[in-house]
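Single-structure report; data block below.
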Amino acid sequence: MRIVYHLIVLYLTVHFLWYLAREKKFWKQAGIVLVLIMFLLRLFLVE
Amino acid sequence: MTGTETMSLNRFVRAALLFALTVLVCVLSGREFLSMRAADAIYPSPGLTAARALSDYFPALKGTPGDTPVYVYAGPKDGGNVLVIGGAHPNEPAGFVTAVVLAENIRAVRGKVVIVPRANASGFTHSDPQEGSPQRFPIATASGERWFRLGSRVTNPIHQWPDPTIYVTPTGQTLAGIEARNLNRAYPGKAGGNLTEKVAYGIMELIKKERIDLGIDLHESAPEYPVINAIVFHENSADLAATAQMELQAEGFEFRLEASPPNLRGLSHREWGDAAGIRAILMETPNASHGRLKGKPSIGLIIDGKDKFYEKAARLGRLFVPFGPDGIPLRDRVARHLAGLRAILAGLTELDPGKAVEVEDLPTADRVRVEGIGAFLR
Amino acid sequence: MPEYLILLLMVGVFIVLAVPLKLPMGFAIALSALAGALAGGQGFALRHLVEGAFGFFDIILIIASAMIFMKVLQESGILDSLVAVLLKTFYRNKVLLLLAVMLLVMFPGMITGSSLAAVLSTGPLVAPVLMKLGLPRLKTAAFVAMGAILGMIAPPVNILVMIMGGGVDMPYAGLTLPLLIIVVPLAVIIALGLGLKDLKAVSADEMKALLPESVFEKNGVRLYLPLLLVLALMILQNLNVPLIRDLGLPAIFFIGSLSGLFCGRPFNFIKATQKAVEEAMPILSILAGVGMFIQVMTLTGARGWAVMTFLSLPPALLYASIGVSLPLFGGVSAFGSASVLGVPFLLALINKNALITSSALSAIVGIGDLMPPAAMAARFSAQVVGERSFFKVLRYCLVPALLLLAMGIGVLLLAPLLDKVI
Ligand SMILES: [Zn+2]
């Protein structure tokens, strides 16, 4: 199940990155960063 | 270059910069998170007769973050076998530190003492979110400061993930999902279960293979929690708990006696007794640093145990222990655990001489209170 | 700096950033947390900020996957088709319709203990039915939000009680009756109260005109699959079925979403995900920010100050304190409120039957799901009916929420009496 969840996190991380690149408003981009930090740390098994 | 293109360029540049910032935050905070993966050193006393790992009793734990050191102190004379567990909840420092003090000092004369100082090793590798705890705390010793990690109540989600929506313990109790990572809800464990259940299973295997007669689980609880300064006992150990309590009272230590509720499953004092048939006891000392009323969760709070909000709560009659301006320092809590251990071992000798366990160089509560914990650490 | 000043500063910074400067709420909360850390002498406290956010990582994962599931139901035409089925079944009797629809909204909350699961799985299904039969949009949203909260409180699974019980060593058993006593009357009153006046029973011809475009003919019963799969997996995980019990809500929603690919009209899964991520992002970053905020509150002692302030009110004010602080803190997180405040209150009421008091406290905590800044139930039910501002929805939640509060406090007061009856 850990693998499944890793895939889910990976899938969402890619979408967050894509959305970060697409979004035009700076503050909205900044909001994505808050969430992205967590997903990257979990993806790389840090926290 | 048209206006729209400039704007979209800016957008990508901004995205790249923000991504770089994200990575920077990940690296900086990640370094701090990862710093908790390295285990603190424990230097067992010369009385040690065997250093093992939990995976020696349950090989499936080998190489997992659930594996943890097991120290065996066997005496020359035959007697009973006692298991002492610390760090089942790594956010309860007195339990863990008492087990370390024990491991670094004792020598068995009769019978055998088996010590697992970090029962939930994975729990030591992270902190409870939103509790704001420091990652480690120092204890001054003759050879300098020794730092110990203050971990989380539960297994690291990196090691066991995801939590189920609701957790059903191996014995059928329904709990909130996060409790799937609580070692003291996972007994008697499951060989094929999650990591925490495997650790619990490993401890049950240890109990079987070391032919343990009495298990003692060292904990702390928040001062607003009723089961505190307490000996929680399985019904098969009621006599032992009562004998120990009388002994402790004579020494000036007030301990509550709490019978293990039969309908509360998965806890050590219940399942060790039910599943392995051994005498089972759990002790609680008061720890303000993991309570809900605490002020700043500083290193000072862990070591000195002073907290103005708990002081106020005590005045309002909200607590189950006295809590004055001097707080309840770690030193006193470790001393209390040591006094409890001594009284329980004496009680065992009295009630069941064939299973007697005698140890030398067990630091006395008085000396720990006067000289400090550090005097008994290498 | 004293704790209350730090808290005041954090709230002040948040308001200035969010209102005059119009920063997105999530980032404003995160910055106010940072300000609190600095004022508390903790420096940037980066580790603490990130660690605090992780307190909501699991919920963030649930929201993201549930939002994808919702988008899939829409894009594949499944939602419209199911709405058509519901309309055809219930258009004649509005009392029956309202009660059935209330149960349908509550159901996912009952089996997962999560109001979010309810709003985002059956919420989108019932909302169009109610609106097509004449219930105004905002009332529909309030209906969905209240149903979701009642579902979260209703048995068999009430995670709020589990959290509070865990703090006082109370096993999760014997709660069905006290929880039903609280939920059933409210579910009936709120469903009829919100709906009876505006909803109109229609003739068969009128009903046919209301039917949304259905892809039923093309796809047949397969259309039921994604929703049934999600509900079935939710039930099975509760029955402790091996493998399924470890799935967790995010995986269940993903399975449901993927099955949607084969059950309705074709659509682009990647694009649907992108839309879902875009819509979910504001609340995801709010949760991350709120996690940081709570961690800094704890770190600076402001959380302890807040808990102690509520606990140290004179006994006469205890119930008022419960009624105010539990929902207020619930606006940050209902689960957090249950753990941080619910447990001390449960201990303060320890001379009463804990099964009854914890049930009542959970009902009061549930109101927190309507409170800003997170306002999970209100926010997503607004989204379900296509309303941008959840504050407008709150207006219609006011009376139902007060009923819930009154019920909670009433059960607390009557606990000794109920104890004898149960
Ligand atoms: Zn404990």
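Some values worked out for this structure:
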| item | result |
| --- | --- |
| Under-5 Å amide H pairs with B:Thr68, H placed in peptide plane, nonlocal only | B:Leu54, B:Ser55 |
| Distance in nm between pseudo-label sites at C:Asn268 and B:Arg37 (7 Å out along the Cβ direction from Cα) | 3.9 nm |
| Per-pair calculated FRET efficiency, R0 = 30 Å: B:Lys190 and B:Arg315 via Cβ, rounded to 0.05 | 0.05 |
| Lysines with Cα under 30 Å of B:Lys308, excluding same-chain neighbours fewer than 8 positions away | B:Lys294, B:Lys296, C:Lys352 |
| Local electrostatic count at B:Thr243 - Lys and Arg +1, Asp and Glu -1, tallied over other residues with Cβ under 12 Å | -3 |
| Helix C:176-195 axis, angle to chain C major axis (alpha carbon atoms, nearest 10°) | 60 degrees |
| Members of segment C:321-358 that become less accessible by 10 Å² or more once partner protein chains are added (1.4 angstrom probe, chain alone as reference) | C:Ser339, C:Val340, C:Val343, C:Pro344, C:Leu347, C:Ala348, C:Ile350 |
| Among C:Ile283, C:Val184, B:Met246 - extreme Cα towards positive end, dipole of the protein assembly as shown, charges at beta-carbon | C:Ile283 |
| Only Lys, Arg (+1) and Asp, Glu (-1) charged, at Cβ; the protein assembly as shown dipole about Cα centre in debye | 2380 debye |
| Surface share of carbon and sulfur [accessible, 1.4 angstrom probe, percent] for the protein assembly as shown | 64 percent |
| Backbone HN-Hα couplings from phi across segment B:12-25 [Karplus 6.51/-1.76/1.60, Hz, Gly and Pro as x] | 6, 4, 4, 4, 5, 5, 5, 5, 4, 4, 4, 4, 4, 4 |
| Beta bridge orientation in the protein assembly as shown: antiparallel %, DSSP, nearest 5 | 50 percent |
| Amide H contacts of B:Thr141 (H built 1.01 Å from N, under 5 Å, at least 5 apart or other chain) | B:Arg146 |
| DSSP-assigned coil residues among chymotrypsin sites (Phe, Trp or Tyr not before Pro) in segment C:234-264, each with at most 15 further Cβ atoms within 10 Å | C:Phe262 |
| Value of Rg to Rh for the protein assembly as shown (Rh from inverse mean 1/r over Cα pairs, i.e. Kirkwood) | 0.99 |
| Calculated from backbone phi, Karplus (6.51, -1.76, 1.60) coupling profile of segment B:243-258 in Hz, x at Gly/Pro | 4, 5, 4, 5, 4, 5, 4, 4, 8, x, 9, 8, 10, 7, 9, 10 |
| GNM top mover of C:Val365, C:Val343, C:Val161 - chain C, alpha-carbon springs below 10 Å | C:Val343 |
| Gyration tensor verdict on segment B:45-376 (Cα atoms; rounded if a/c is under 1.5, prolate if a/b is larger than b/c, oblate otherwise) | rounded |
| Anisotropy class of segment B:50-145 from Cα gyration tensor, a/c 1.5 cut | oblate |
| Segment C:58-189: relative contact order as a whole-number percent, Cα under 8 Å and 6+ apart | 25 percent |
| Label-reachable residues, segment C:144-165, where backbone N falls under 16 Å from a point 7 Å from B:Leu264's Cα toward its Cβ | C:162-165 |
| Too-long pairs where the Cα-Cα distance tops 25 Å, listed order kept, from C:Lys22/C:Lys132; B:Lys62/B:Lys208; B:Lys198/B:Lys306; C:Lys197/C:Lys275 | C:Lys22/C:Lys132; B:Lys198/B:Lys306; C:Lys197/C:Lys275 |
| Segment C:223-238 - phi-based ³J(HN,Hα) in whole Hz, Karplus 6.51/-1.76/1.60, Gly and Pro as x | 4, 6, 4, x, 5, 4, 4, 4, 5, 5, 5, 4, 5, 4, 5, 6 |
| Helix axis angle, C:269-299 relative to chain C longest principal axis, alpha carbon, degrees | 20 degrees |
| Interface area, C with A, accessible, probe 1.4 Å, both sides summed, Å² nearest 100 | 2600 Å² |
| In degrees, nearest ten, helix C:3-18 long axis to first principal axis of chain C (Cα) | 40 degrees |
| Accessible surface buried once B binds C (1.4 Å probe; total of both sides; Å²) | 4000 Å² |
| Cα coordinate range in segment A:2-45, projected on the principal axes (Å, largest first) | 35, 15, 10 |
| Å³ per residue enclosed by the Cα convex hull of segment C:345-384 | 60 Å³ |
| Cut-off under 5 Å, modelled amide H: who pairs with B:Gly215 long-range | B:Leu83, B:Arg279, B:Ala280, B:Ile281 |
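The values are calculated or read from the model by the stated rules, or taken from the named source; none is laboratory data. The structure displayed is predicted, hence computed values, not measured ones. Counting neighbours? That spans all protein chains shown, and the Cβs are built from the backbone with ideal geometry, glycine included. Ligands, DNA and RNA are stripped out before the accessible areas are found, and what is left, the full protein with its side chains, is counted by its heavy atoms. Shrake-Rupley method; radii C 1.70, N 1.55, O 1.52, S 1.80 Å.
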